[in-house]
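Enquirer: Have a look at this one before I ask anything.
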Amino acid sequence: MEGKEQTDDEVLKGMLSRRFHYAKAQRSSTYHHTFRTKTRWELVRLSLLIVGIECTYATETAFVAPILLAIGLPHTLMTMMWAMPPIVGVLFVPVVASVSDRLRFAWGRRRPVLLILGIAMLLGMMLLPHGRVIGETIGLRSVAWIATITTIGLTTTDFSAEASNGLCRTYAMEVCTIQDQARVLSTMMLIGGLGGMLGYLFGAIDWSALPVGQYFESNEAAVFTANWVVLLVGLVSTLTSFSEIPLPVQEEDEMLRPVTHWMLQNEMKRMRGDEYDAQTNLTESIGFRQFLRNTVQMPASMKILCLTQFLSHMGYLPYCLYFTDFVGAEVFRGDVQAPEHSPAFVRYEEGLRFACWGMALFAGCASLYSLVIEKLIDRVGARPVYVCGLMAHCVGMLAMGFLRNRPVVMLCCSLTGIMYATIYSIPFLLISHYHSKNSFHMEDGKCVESTEPRGFGADVSMMSSVLCLAQLIVSLVMGVLIDAAGTTVVITFVAGGCAFLAAVSAMAILYMGL
């Protein structure tokens with residue numbers, strides 16, 4: 001039989017070639033790109049929104065805590081302000097993902113939602129550094145009102161970034177062939193790290209000493225404006241990169257459906273003469289009720305993956321959200337609430353800029369590590385790469401907490417970069433792996449095909465919901481711990497402990513040969 005003589009790659013190449021020429025022959029469609037290999041530049045252009053998102057994360061994490069503390073809030077209230085975005089995220093990120101899965105617009109399922117979220121991010125970034133000015137302009141000068149305006153900007157920006165993060169990855173994987181999915185994820189990790197580095201470098205610059213600084217009311221305003229431009233460029237670039245195949249088109253024409261691993265295996269069965277499903281599966285389009293059922297009745301493999309990602313973010317977020325304050329207060333012995341231009345305040349500002357250099361190193365290391373993580377997975381397997389990446393952060397956080405000197409801080413930032421690249425690549429690869437095989441568990445070393453439909457976009461966005469839940473807990477608890485301990489050093493020990501638990505959990509994940 002012909003099917004027995006052909007490998008999976010050969011059959012896949014044939015399926016893609018037939019669909020490519022079919023789509024190209026349809027004068028009314030521009031979907032043939034879905035069935036061809038993308039160039040590296042095309043993957044970069046597809047990923048530029050991630051640069052803007054990571055740059056936004058960097059600016060947020062570096063400056064929101066100092067902005068809120070400078071308003072006059074204690075650590076307990078400051079950290080609780082960080083609780084608002086994850087509360088909104090836990091409630092609405094799954095809703096956004098589910099709506100996106102079922103959207104029937106001619107522009108596609110992902111890009112219309114990404115456009116709305118991108119505009120929300122841009123508006124939030126305008127509110128964040130200008131809370132005091134906006135409050136004074138409309139006559140709301142109290143600390144409570146200024147903090148409220150700032151928190152609205154934070155919530156809008158952070159929620160939109162979290163929802164966009166998973167959705168952008170979903171969009172990229174859907175317009176790429178299954179052979180290109182790992183490439184596009186590693187590309188996103190690479191240039192996303194560069195975006196984070198760019199955001200932190202913006203924060204490390206003393207804008208007031210530059211000629212352009214005179215046009216901004218504060219250093220923070222200059223940083224957020226630079227970030228705003230990067231985000232706008234990334235949003236426009238990604239949304240204009242590749243058209244999606246609308247859901248109604250996929251339903252009407254089987255030849256214009258992206259080739260999945262499930263379709264490949266079905267074709268192999270057909271060519272061998274085995275029993276196969278004559279109906280092409282469109283499991284991505286599920287209703288919200290089905291999505292809720294899938295969330296409650298997750299397969300064990302997805303539960304363990306979500307638990308590991310939750311613990312990973314519990315380890316990463318204390319560093320991410322409060323690192324600049326830790327360096328300014330504990331490493332440089334400064335005080336953000338000291339009188340302006342006083343020695344303690346100047347030391348804190350110096351510590352803040354030094355921390356931004358450290359976080360730029362963290363982002364750079366994450367970007368560089370993303371270049372080799374795929375090769376490491378191929379050579380030693382995903383399990384050791386995942387576990388070792390989490391343990392690198394654990395060791396770095398404990399060393400930073402015990403030693404608290406500048407060289408150690410820099411070294412530990414690089415270790416956290418390894419962990420960051422790990423948790424933003426391997427979990428998404430695993431979800432893609434599960435869906436491509438249409439299997440979420442194994443028996444006797446073989447994949448068992450799933451009979452319960454699950455939305456790919458919803459499962460990817462579930463990782464964002466896990467992040468929101470972790471951020472909510474960290475936000476509610478960390479300020480209380482800092483005030484009780486009387487020092488921000490506690491964040492390093494919490495981060496290290498959670499990273500260790502995540503590494504233990506990662507040992508139990510189902511890797512399916514990845």
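The values are calculated or read from the model by the stated rules, or taken from the named source; none is laboratory data. All of these numbers come straight from a predicted model, not from anything done at the bench. Glycine gets a Cβ as well: all are built from the backbone with ideal geometry, and neighbour counts include every protein chain shown. Keep in mind that these areas ignore ligands, DNA and RNA; they rest on the heavy atoms of the full protein, side chains included. Shrake-Rupley method; radii C 1.70, N 1.55, O 1.52, S 1.80 Å.
Enquirer: Kindly indicate the residue of region 167-204 that is of a type in the set (Val, Ile, Thr) and part of a helix (DSSP H, G or I) and also surrounded by the fewest Cβ atoms within 10 Å (Cβ to Cβ) among those meeting that condition.
Expert: Ile191
Enquirer: Something else: Applying the selection to region 98-148, what residues are over 21 Å from Val460 (Cα atoms), touching a residue at least 40 places away in the same chain (Cβ under 8 Å) and among the β-branched types (Val, Ile, Thr)?
Expert: Once the filter is applied, which keeps residues that are over 21 Å from Val460 (Cα atoms), touching a residue at least 40 places away in the same chain (Cβ under 8 Å) and among the β-branched types (Val, Ile, Thr), region 98-148 yields Val133, Val143, Ile146.
Enquirer: Do we find a residue being surrounded by fewer than 24 Cβ atoms within 10 Å (Cβ to Cβ), touching a residue at least 60 places away in the same chain (Cβ under 8 Å), over 21 Å from Gly315 (Cα atoms) and aliphatic (A, V, I, L, M) anywhere in region 377-391?
Expert: yes
Enquirer: Ok, one more. With region 361-470 as the region, which helices (runs of 4 or more DSSP H) entirely inside it contain at least 2 residues that are of a type in the set (Phe, Trp, Tyr)?
Expert: In region 361-470, 382-403, 426-437 are the helices (runs of 4 or more DSSP H) which contain 2 or more residues that are of a type in the set (Phe, Trp, Tyr).
Enquirer: Among Glu251, Glu267, which is open to solvent by less than 60 Å² (accessible area, probe 1.4 Å), charged (D, E, K, R) and farther than 21 Å from Gly118 by Cβ?
Expert: Matching residue, one of Glu251, Glu267: Glu267.
Enquirer: Residues in region 226-268 that are part of a helix (DSSP H, G or I), free of Cβ contacts under 8 Å to residues at least 40 places away in the same chain and under 30 Å from Thr157 (Cβ atoms): how many?
Expert: Residues meeting the conditions: 3.
Enquirer: Which residues, taken from region 140-157, are open to solvent by less than 10 Å² (accessible area, probe 1.4 Å) and either over 30 Å from the mean Cα position of the chain (by Cα) or within 17 Å of Ile50 (Cα to Cα) (or both)?
Expert: Thr157
Quick grid of which residues meet (1) closer than 17 Å to Gln250 by Cβ; (2) not polar (S, T, N, Q):
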{"position": "Thr30", "(1), (2)": "yes, no"}
{"position": "Phe35", "(1), (2)": "yes, yes"}
{"position": "Gly52", "(1), (2)": "no, yes"}
{"position": "His75", "(1), (2)": "no, yes"}
